[in-house]
Amino acid sequence: VDNLLHISQHGVGAQYRAKRRHRLIRPTKGLVEDIGGYWAKTWTQVRKGQVLLFDQSHLRLLGEIASSPMMAVPKRDSYGSLTGTNRYVHNLSSSAGGFNINEGSDKRLHPTVTLPTHREFARSILAQSVKYPGLPKVAIKLDVADAFPGLEMAPNDCALFVTNLNEVRAEMPEVDHKYEPLNQLSTTFAAVAGAAVTCLVVYITGTFGF
C-alpha cells in the first residue's frame, strides 16, 4: 500500500543506478518500414497526454536524454498466426553509448508481483475437476488495454524513456480541429511532411519494452 501511495504521488521510478549519459540512437529498420503505423499510435498518445514530441532544436532544453530504439514486432493471435499488424516495443536493453538502461536498473528495488505459474494453474484445474466432477471447465484470458500508458513515470526518469526518429520521412496524421492546443504542433510537423523529420518522442507514461 505504501508503494502504491508513493507511485500515485511521484510516478513510477526506473530505479536506474548507473551513470546517466546523453545518447541518440537511430530507429530500427523495421520501425522505419512501418513508420505510418507508429505515427498513428504516437499521435493518439500525444492527444491523451502520454508522450511529448520535440524536434532537434529542443535538445539543449531537454538536457541529458538517453534514447533507445523502438522496434516494430509482428503481432500474432492466440493461435500463433500473424495478424498483419505490428506491436511497438521499446528496446531498453540496447547497449550503446557505453551503457544499457535495463542493466543499470535494479529490479530488486521494484515491488514483487506474485502470479500463478502455468503449472500451478494447471494443477488448480485438476484439483477443481476432482472436487467437482462432471462440471465443464471454462477458462478465459483477459488483457488490460493500454496498461503501460496508464502508469505515470517519475518526472526525473522520463529522460530514460525516449526514442529518436532521426531523418524519418513520413506524412504526419491529421489532427481533429477541436483539439486546439495541437493545431500549432500539427502545422509545425506538417510543414516538413514528406521531408526529413528529426523528432524525439519522450514517454511520460509507461512504455512497453524489454
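If you check Ser93 against the conditions, is it modelled with pLDDT under 85, part of a loop (DSSP other than H, G, I, E, B), farther than 17 Å from Leu165 by Cα and open to solvent by 20 Å² or more (accessible area, probe 1.4 Å)? Can you show your working first?
Working: modelled with pLDDT under 85: no; part of a loop (DSSP other than H, G, I, E, B): yes; farther than 17 Å from Leu165 by Cα: yes; open to solvent by 20 Å² or more (accessible area, probe 1.4 Å): yes.
In short, no.
Considering the conditions (1) without any contact (Cβ under 8 Å) to a residue 12 or more places away in the chain; (2) more than 14 Å from the chain's Cα centre (by Cα), Thr44 is excluded by exactly one of them, (2).
Please determine, by comparing only the residues of the range 127-147 that are of a type outside the set (A, V, I, L, M, F, W, C) and outside any loop (DSSP other than H, G, I, E, B), which one is least open to solvent (accessible area, probe 1.4 Å). Of everything passing the filter in the range 127-147, Ser129 is least open to solvent (accessible area, probe 1.4 Å). Is it the case, given these coordinates, that Thr114 is exposed (fewer than 12 other Cβ atoms within 10 Å of the Cβ) and touching a helix residue (DSSP H, G or I) at 6+ places or on another chain (Cβ under 8 Å)? When the stated conditions are applied, Thr114 does not pass them. Of the residues Asp55, Asp34, the single one that is within 29 Å of Lys141 (Cβ to Cβ) and among the acidic types (Asp, Glu) is Asp34. For beta carbons closer than 9 Å, sequence separation of 6+ or different chains, a first residue in the range 107-128 that is free of Cβ contacts under 8 Å to residues at least 24 places away in the same chain and a second that is of a type in the set (Ser, Thr, Tyr) and open to solvent by less than 80 Å² (accessible area, probe 1.4 Å), the qualifying pairs are Pro116/Ser124.
The values are calculated or read from the model by the stated rules, or taken from the named source; none is laboratory data. Quantities reported herein were computed from a predicted structural model and do not represent experimental measurements. Ideal geometry is used to build each Cβ from the backbone, glycine not excepted, and the neighbour counts take in all protein chains shown. Only protein heavy atoms, including side chains, enter the accessible area calculation; ligands, DNA and RNA are left aside. Shrake-Rupley method; radii C 1.70, N 1.55, O 1.52, S 1.80 Å.
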